[in-house]
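Below: the structure, in structure tokens.
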Amino acid sequence: MKTIKKHNIFGRLVIAAGLVAMSLSSCVDAWKFGDAFLDKAPGGDVTKDTIFNNAEYTRDFLWSCYAKQHYGLPFCWVGHEAQGMNTGIIDALSDEVHSHCDWDGVNRMYYSGAYSAPSTGSSDSGRFPYMNYDVWECVRACYIFLNNVDKSPLEEAEKTRLKAEAKCLIAERYFDLFRNYGGLPLVKQDYQGTEASYDLPRATVEETVKFMTDLLDEAIPELPWSLGDDESNWEGRFTQAGAMGLKAKILCYAASPLFNNSEPYCTEGDQTANTNHQSWYGDYQESRWQAVVDACKTFFDTNAQNGNVYALVEPTAKTPGGYRAAFRKAYSSRGTSEVLISTRARAQDSQSWEYLWADWNGNGGYTPTEDYMEQFDWKDGRKFDYDDLEKNGDLDTMFIHKGKPRELTRDPRLYETMIVNGTLNRMDINGNMSGDQVECWDGGNDKSSKDESGQYATGMANNKFYMNRANSKNNYLSWPYLRMAEMYLIYAEALTQTGHISEAIPYVDAIRERVGLKGLVASGYDVSTKDKMIEAILKERNCEFGLEESRMYDMIRYRRADLFSKPLHGLKITRLDANGNAYDQPYKGNHANGEAFPTHFKYTRFVLANKSRSWWTSFSPKWYLSAFPTAEINKNYGLTQNPGW
């Protein structure tokens, strides 16, 4: 039994930094919740009775817990969510995008190779800080809610539903840490700060997974399958479908080779966590994949019983713009049939989301790699092959047909995900494309510099979420925590892992069909073995979930050291004259006013050198899981360090 020490995990659970940070006896002005809802309460002291004797305050208490969910886009300079990689995004650690910003945490900690076990919890940093992303504050607040909601004047049915939502929030926040750290201390009560001692050791991977799924199993029967028409203002609340989907997502991550393996992922350094099965299961069992199959089948069967309320957003027109519009709505719009779980950011300072996202795009924080560009198929579904295209001397068609910006040649998701040479620079929510053609060549109007820097540092620029900033001005875009497309691909992956490839293929094909691509077999994919089918699924996930915190975790859960250590590339684009020679004069035309857009270019892959990834070139499997703060380890309440740290 260990004495409680301030500022450790228990300090977070007791202090709860801004949610229930004080003893529930402070004045209204001093005690602020997520949206400062108590400002409207009468003056005087605020106690648990003040909150839970009032129906509206009881609801608002839980809404403040929702405000502590994870949001994957940078949106503030201060506060817990800014203390990780400082505008850097998790997928900039994958092969999907590369950061060319000196000042973000991606460069300072990871590309430089400087990341190590954080010395203290208060200065915790990294791709997902253990102490600074409001996980423990949310968990504690949810337990306070669960322990006190029965005192409220709410109807019993509403109490039951809200309890279920609180349990889902705890499970969701635990999963956010689980996929970054493995087994965790299992908090099952509301710590008051009066406990003289405690003992809360780090649980095994199996115990942590069971803790999360048990909470969801308790919640699922108490929730409505979906939000009714009269609840349209409550988008973001947990439903039965969201809880079932989250359970499948958790089980899928746990069943993946990172944890579900006959060998531990890292044999460097102290092996206590491996020996205790806190960083892996300790063996491989196909039954873990079967649990994913069962969870997905239950989800899809229940959805069918409820009239298939949840479904992929389908295009209203089978055109490149129509496909793009459907895809955009699928990942960025709340209230569609696609969304199972979405989160929103809450304002922390005077800066707004669209400002930060635009600014860091402009400074090269999220430049897509050429390697990622190659993942997107031709528009009919055939695999794109740069080498074959170069050999045939037809690189001019890699994005559009010979200077025709509306005749796109590739998977529509490519153009929604990145800005590429020759395409029109605007598209409205209905898929209508307009504006100037983008000039990505060295010396063009968009990439005026020949240097590897800025928004077009790789010869392409990020487009995903970026084009939404005009519609989200002074607001915050929804973060797609879980959507139907992922349920389809989770199911396909689990079916494949359990030997049912033929049953898995239609679920992948449905995702491809939504954007006009032919199915895997019709497109020439070899899916005759489990390994080949898994590769196809991971590729499909990469194209579908760009910048949605999928690729990095896919590379981790499949232990893809090969991808973590390969050189990454940009695309140098040179404008050519009619004779095929480099045209070294600045382009002074105005094709928007009728002058023909250039039609001849030289496309050359180059290895990214600016902000080179030193941790990548000497990659160690210890990076798969993050390091716990050493100060937390040293407090001896039962936390063990992950291997290699």
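Things to note:
- Residue check, Val527 open to solvent by 60 Å² or more (accessible area, probe 1.4 Å), β-branched (Val, Ile, Thr) and in contact with a helix residue (DSSP H, G or I) (Cβ under 9 Å, 6 or more places away or on another chain): no
- Hey, Arg605 at pLDDT 95 or above, closer than 30 Å to Met487 by Cβ and surrounded by fewer than 21 Cβ atoms within 10 Å (Cβ to Cβ) or not: no
- Number of positions in the stretch 556-586 that are open to solvent by 30 Å² or more (accessible area, probe 1.4 Å), modelled with pLDDT of 95 or more and of a type in the set (A, V, I, L, M, F, W, C): 1
- Failed criterion for His401 (all others in (1) in contact with a strand residue (DSSP E or B) (Cβ under 8 Å, 6 or more places away or on another chain); (2) under 20 Å from Phe606 (Cβ atoms); (3) open to solvent by 10 Å² or more (accessible area, probe 1.4 Å) hold): (2)
- First in the stretch 393-411 and closer than 20 Å to Ser434 by Cα, second anywhere and of a type in the set (Gly, Ala, Ser) and assigned to a loop (DSSP other than H, G, I, E, B), Cβ under 9 Å, 6 or more apart: Phe399/Gly422; Ile400/Gly422; Gly403/Gly422; Gly403/Ala596; Lys404/Gly422; Pro405/Gly422; Asp411/Gly381; Asp411/Gly516
- Hits in the stretch 269-286 (condition: assigned to a loop (DSSP other than H, G, I, E, B) and open to solvent by less than 60 Å² (accessible area, probe 1.4 Å)): Gly269, Gln271, Gln278, Ser279, Trp280, Tyr281, Gly282, Asp283
- Leading residue by the ranking (nearest to Asp509 (Cα to Cα)) among those in the stretch 529-582 that are among the β-branched types (Val, Ile, Thr) and out of contact with any Gly (no Cβ under 6 Å at 6 or more places or on another chain): Ile537
- Taken over the stretch 146-160, residues that are open to solvent by less than 40 Å² (accessible area, probe 1.4 Å) and part of a helix (DSSP H, G or I) amount to 4.
- Just one of the listed residues (Asp214, Asp230) is closer than 25 Å to Asn308 by Cα, charged (D, E, K, R) and without any contact (Cβ under 8 Å) to a residue 24 or more places away in the chain, and it is Asp230.
- Being at pLDDT below 95 and either open to solvent by 30 Å² or more (accessible area, probe 1.4 Å) or over 28 Å from Thr409 (Cβ atoms) (or both) is a property that Thr336 has.
- Residue match in the stretch 164-173 (condition: in a helix (DSSP H, G or I), open to solvent by 10 Å² or more (accessible area, probe 1.4 Å), modelled with pLDDT of 95 or more and in contact with a helix residue (DSSP H, G or I) (Cβ under 6 Å, 6 or more places away or on another chain)): yes
- Of the set (1) touching a helix residue (DSSP H, G or I) at 6+ places or on another chain (Cβ under 8 Å); (2) in a loop (DSSP other than H, G, I, E, B), all apply to Leu571 but (2).
- Residues that are under 15 Å from Lys602 (Cα atoms) and either open to solvent by 60 Å² or more (accessible area, probe 1.4 Å) or free of Cβ contacts under 8 Å to residues at least 60 places away in the same chain (or both) within the stretch 430-454 comprise just one, Lys450.
The values are calculated or read from the model by the stated rules, or taken from the named source; none is laboratory data. This is a predicted model, so every value here is computed, not measured. A quick note on method: Cβ atoms are made from the backbone with ideal geometry, for glycine too, and the neighbour counts reach across all protein chains shown. The protein model used for the area step is the full one, side chains on, heavy atoms only, and it has no ligands, DNA or RNA in it. Shrake-Rupley method; radii C 1.70, N 1.55, O 1.52, S 1.80 Å.
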